[in-house]
1. Of all residues in the stretch 200-223, which are in a strand (DSSP E or B) and at pLDDT 95 or above?
2. I'd like to check something: does the stretch 138-148 contain any residue that is more than 12 Å from the chain's Cα centre (by Cα), modelled with pLDDT under 90 and among the β-branched types (V, I, T)?
3. Hey, does the stretch 226-234 have a residue that's of a type outside the set (G, A, S), touching a residue at least 24 places away in the same chain (Cβ under 8 Å), outside any helix (DSSP H, G or I) and surrounded by fewer than 16 Cβ atoms within 10 Å (Cβ to Cβ)?
4. Which one of V48, V23, V88 is within 30 Å of P157 (Cβ to Cβ) and at pLDDT 70 or above?
5. With the condition kept exactly as written, say whether any residue in the stretch 151-169 is among the charged types (D, E, K, R) and not assigned by TED's automatic domain parsing to the domain that holds S223.
6. So which of G112, G134 ends up being out of contact with any Lys or Arg (no Cβ under 7 Å at 6 or more places or on another chain) and over 30 Å from D209 (Cβ atoms)?
Amino acid sequence: MENIEGLMAQAPEFIVTYGLKVVMAIVIFIIGKYLSNVAKKLTTKVMVGRKIDETVASFVGNLVWGLVFVFTIIATLGQIGVQTASLVAVIGAAGLAVGLALQGSLSNFAAGVLMVIFRPCRVGDFVEAAGVAGVIEEITIFSTKLRTGDNKTIIAPNSAMMDGTITNYSTKETRRVDLVIGVGYTSDIAATKKVISSVLDNNQYVLKDPAYTVALGELADCSINFVVRPWVNTADYWPAHFELLEQIKNALDAANIEIPFPQMDLQIKNMPAQ
């Protein structure tokens, strides 16, 4: 009974002492989390204001957020009585095991660092990598966020982005539109080239320099195929592609130049008498 009475007598002091520590720990965590977000936004804003590439600014901002948040966790645990020095030692001792368990995450982190250093692609670039294609919206510590043409979001691991081939369609100011136009074997080659060239000369997207190419590319099974290769600004690639196909089709029809379709001629020999 005396032990119970002693504990009851110490209970208020215990609650006040450790209750305040818990409350302070919660306050430290909330403030630290808020400061980590502020540090991220401030870092990104300052770097963008200094004309630093948006990809680098976003990556460094995420890294700053992670560092501040880890410090917040350590401070929170220290407030409630956890020996942070021992905690750091334990973390260091367990580092190897954690590293082996998180090989994928560490490789993604390393790949993210390489992407920032070598910058094979940047925020806003349209790329094809890791089996997907889209516009890069953000490069984080572990992954890259892309937006597809039909407005879907794809999260690709950084290691997958860096381990394969990256096709970046946005690094050059101009792109070549590659079209194959087939006409019938009875069509006049010179007249066909003249009609197609006229379309290219009058198209709003086709550039004068570099010059376009219109040439006979193949004598196919059912058609004479012309390669049509005009140059356009990168941003105009798809509008030019669709418009040129339509205009070339209309121009060939107007010139009575046949665009063939697959067909088979059947010849019957030695047909028996009725």
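1. T213, V214, A215, L216
2. Yes, there is a match, as at least one residue in the stretch 138-148 is more than 12 Å from the chain's Cα centre (by Cα), modelled with pLDDT under 90 and among the β-branched types (V, I, T).
3. yes
4. Exactly one of V48, V23, V88 is within 30 Å of P157 (Cβ to Cβ) and at pLDDT 70 or above, namely V48.
5. Taking every residue of the stretch 151-169 in turn, at least one turns out to be among the charged types (D, E, K, R) and not assigned by TED's automatic domain parsing to the domain that holds S223.
6. G112
Every residue, every condition in (1) crowded, with 17+ Cβ neighbours inside 10 Å; (2) within 30 Å of G112 (Cβ to Cβ); (3) of a type in the set (K, R), yes or no:
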| position | (1), (2), (3) |
| --- | --- |
| P157 | yes, yes, no |
| K172 | no, yes, yes |
| V183 | yes, no, no |
| S187 | yes, no, no |
| A190 | no, no, no |
| Q204 | no, no, no |
| T213 | no, no, no |
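Table: residues versus (1) touching a strand residue (DSSP E or B) at 6+ places or on another chain (Cβ under 7 Å); (2) in the same structural domain as K249 (by TED's automatic domain parsing); (3) farther than 16 Å from F59 by Cα.
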{"position": "A111", "(1), (2), (3)": "no, no, no"}
{"position": "G131", "(1), (2), (3)": "no, no, yes"}
{"position": "I181", "(1), (2), (3)": "yes, yes, yes"}
{"position": "V195", "(1), (2), (3)": "no, yes, yes"}
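The values are calculated or read from the model by the stated rules, or taken from the named source; none is laboratory data. No experiment lies behind these values; they were computed from the predicted model shown. Every residue, glycine as well, gets a Cβ built from its backbone with ideal geometry; the counts of neighbours run over all protein chains shown.
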